[in-house]
């Protein structure tokens, strides 16, 4: 476990790497080199950490959820990323990347978004740095998340509805990549998760690792020991890697990644890439992918738009392959139930994405001992989902 | 000798440049694709690229995206495209290549894919999202069966990188004329012409330029800087619009500039 990940080729074991058109090779190379230099600069670290604390409100609390603990039969702490500015962990990455882009001399930011959380976070950071920002969002998602579309516009961003393919997150990434291929000279592409060609999975992981670093400090202070379990939802996998990575070498701390089971992992309506996918290449990286036998990418489903993605970060594939993390799923119903449960017993309305992590814990509480210290990443708040959940439940 | 090498050698002898045309395989139907390739050959096309449709074609513009989605909706898959190639093997003399993204090739199995190419007369394969760094396994598999893996260069490729790529290159080198996706009609920038000149000096492998080329005027402008030109979206658009009959005249006029 001593080896540095990723290696020089951007690989995590056999996963990761760069599967991108030749046109993107020079800008990816530039990004890797400049990230290596800039992210180590004292002034960058100082400014980034200033922004995280003064602008984004970090550290977020590690909250001992006593009522949830009783319901789950173990000691449950919630890492409250829902308290971070803009309502989710996404801001950690966008502040880091936009700051990096500014120091690289880029003038324009592009981003993709599914539910709109990353889009809003990118628009926020762009406004702060006076950068032009353009967010690609599937037409279907624009319709589902009108409020976030308006928020991005309010922040001065242009939102471009994507009409190709399934008109969701995967197609928004395609379109953002096409934009970047044409405009890389003055544009930085802020990917929102630990996916994409190297060095993106590494950059996003590094910026999100603040979650795990804070958690470690906080839990040691509160419990005087490391936790037994870390649980987080996995779509592309940025909040989970952010929580897991700083504990990577603490081999007694067990990682559990919860994928979106949709209507069930044995139906064709889910987004459980690590559980049901096969190895392959999507969006520039070699990882697990939901695909048919000809390698065509499959349509996915989840009640939460943020998990509705047929790929997953290559580092998660590596964790799966090496057994460092266990990947499980919670279906739409589990997520909706814990969306209510957490609201009712803790007064916290979780994002539907995060509700998957809570949902899995409740459903599998028999696995945990009373003395187990379990940390769940509450990756975002659920205000954005209230209308959607209400409409689903009215339809039932 | 690979069919591509033979074709470029033959053209060189005649003092001609190659016209390489791209069609999305199976659009509007597998039978029609066979017919289109036959007629394209008659109209003057020297080499044909057949696209295996992929659900997420990130290097392609709106026209080829649309063509790919339509072909997938028609149920076209890798095996059906090999079916088309098997028919072409006995009905055309010009070399034909496959163009697709890495995932369909990887999923099919690299060796199995290469073997199938050999069996159906495919001379080469173009994979736009497989850069040189990741290409070794695919290259070795294809080499076993005498299939060329076509490499890309762009006006932005640094010379050092181009040297590495050109050392492995075979068939021809695909020079992308501008930074962007396929099908954007553009004037030929000086940067592109300079890049062509520079890269051609570095290699004996023929260099062909593609992306955004559609008019005889554009072809005229780069004729002396290339060994071939690649025309795709402009032709595919005609197929999407149901104007297949216009293809032959278009191909004839483009080839005229390359004779």
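Please treat every number below as a calculation from the coordinates, not as lab data. Please read these numbers as outputs of a predicted model, since none were measured by experiment. Neighbour counts are summed over all protein chains in view; Cβ atoms, including those assigned to glycine, are modelled from backbone coordinates with ideal geometry.
Just from its helices, what would the mean residue ellipticity at 222 nm be for chain B, if runs of 4 or more DSSP H residues each count -39500 (n - 2.57) and the sum is divided by every residue, rounded to the nearest 500 deg cm²/dmol?
Calculated mean residue ellipticity at 222 nm is -14000 deg cm²/dmol.
So how far apart, in nm, are the two label points at residue A:185 and residue B:1 if each is 7 Å from Cα heading toward Cβ?
Each label point is offset 7 Å from its Cα along the Cβ direction, giving 4.1 nm.
Rounded to the nearest 0.05, what FRET efficiency is calculated for residue A:267 and residue B:13 with R0 set to 56 Å and r the Cβ-Cβ distance?
0.40
Quick one: Cα centre-to-centre distance for the range B:188-238 and the range A:90-113, in angstrom?
Rounded to whole Å, the Cα centres lie 35 Å apart.
Based on the Cβ-Cβ distance from residue B:191 to residue B:90, what FRET efficiency comes out when R0 is 51 Å, to the nearest 0.05?
About 0.75, to the nearest 0.05.
Divide by every residue of chain A the summed helix terms, -39500 (n - 2.57) for each DSSP H run of at least 4, and state the resulting mean residue ellipticity at 222 nm, rounded to the nearest 500 deg cm²/dmol.
For chain A, the value works out to -12500 deg cm²/dmol.
Cβ neighbours within 10 Å, averaged per peptide: list B:177-186, B:101-110 in order, most packed at the top.
Output ranking for B:177-186, B:101-110: B:101-110, B:177-186.
Using a Gaussian network model on chain A with a 10 Å cutoff between Cα atoms, which of A:259, A:158, A:344 fluctuates the most?
Between A:259, A:158, A:344, it is A:344 that shows the largest mean-square fluctuation.
Between the alpha-carbon centers of the range B:15-34 and the range B:85-147, tell me the distance in whole angstrom.
Centre-to-centre (Cα) distance: 16 Å.
Give me the one-decimal nm value for the distance between modelled label points at residue B:39 and residue B:245, 7 Å along each residue's Cα-to-Cβ direction.
The answer from the label model is 0.9 nm.
I'd like the mean, over residues of A:176-185, of how many other protein chain beta carbons sit within 10 Å of each residue's own Cβ.
Mean shielding by partner chains, rounded to a whole number: 4.
Taking every DSSP beta bridge with both residues inside chain A, roughly what % is antiparallel (nearest 5)?
If we restrict to bridges inside chain A, about 30 percent are antiparallel.
Work out how much length residue A:29 to residue A:326 would gain on full extension: take 0.36 nm times their residue separation and subtract the Cα-Cα distance, in nm to one decimal.
Numbers: separation 297, 0.36 × 297 = 106.92 nm, distance 3.27 nm.
Full-extension gain reported as 103.6 nm.
Over the Cα atoms of the range A:251-303, how large are the radius of gyration and the largest Cα-Cα distance (Dmax), in Å?
Answer for the range A:251-303, Rg first and Dmax second: 12.4, 40 Å.
How high is the FRET efficiency between residue B:163 and residue B:136 when r is their beta carbon distance and R₀ equals 25 Å, given to the nearest 0.05?
So, using R0 = 25 Å, E works out to roughly 0.90.
Starting from the Kirkwood radius over alpha-carbon pairs of the protein assembly as shown, derive D by Stokes-Einstein at 10 °C in a medium of 1.306 mPa s and give it in µm² s⁻¹.
Rounded to a whole number, D works out at 62 µm²/s.
Given all pairs of different Cα atoms, what value in angstroms does the Kirkwood hydrodynamic radius of the range B:1-103 take?
14.2 Å
State, as an integer percentage, the relative contact order of the range B:84-127 based on alpha-carbon contacts under 8 Å between residues 6 or more apart.
63 percent
Tell me, what is the Rg over Rh of the range A:243-344, with Rh the Kirkwood radius over Cα pairs?
With Rh from the inverse mean 1/r over Cα pairs, Rg/Rh is 1.00.
For the range B:3-256, what relative contact order do you get, as a whole percent, if you take Cα pairs closer than 8 Å and at least 6 residues apart?
Relative contact order, the range B:3-256: 23 percent.
Could you grab the Rg to Rh ratio for the range B:3-256? Cα atoms only, Kirkwood for Rh.
Result for the range B:3-256 is an Rg/Rh of 0.92.
State, as an integer percentage, the relative contact order of the range A:258-396 based on alpha-carbon contacts under 8 Å between residues 6 or more apart.
Once normalised by length, the contact order is 21 percent.
Once you put a point 7 Å from the Cα of residue A:147 and another 7 Å from the Cα of residue A:366, both along the Cβ direction, what distance in nm separates them?
Placing both labels 7 Å along Cα→Cβ, they lie 3.8 nm apart.
I'd like the distance between the alpha-carbon centres of the range A:1-72 and the range A:227-282, rounded to an integer number of Å.
One Cα centre to the other: 17 Å.
PRE reach from residue B:184 (point 7 Å along Cα→Cβ): which of the range A:1-44 fall under 14 Å by backbone N?
Within reach of a label on residue B:184, which here means backbone N under 14 Å from a point 7 Å along Cα→Cβ, the range A:1-44 contributes A:23-24.
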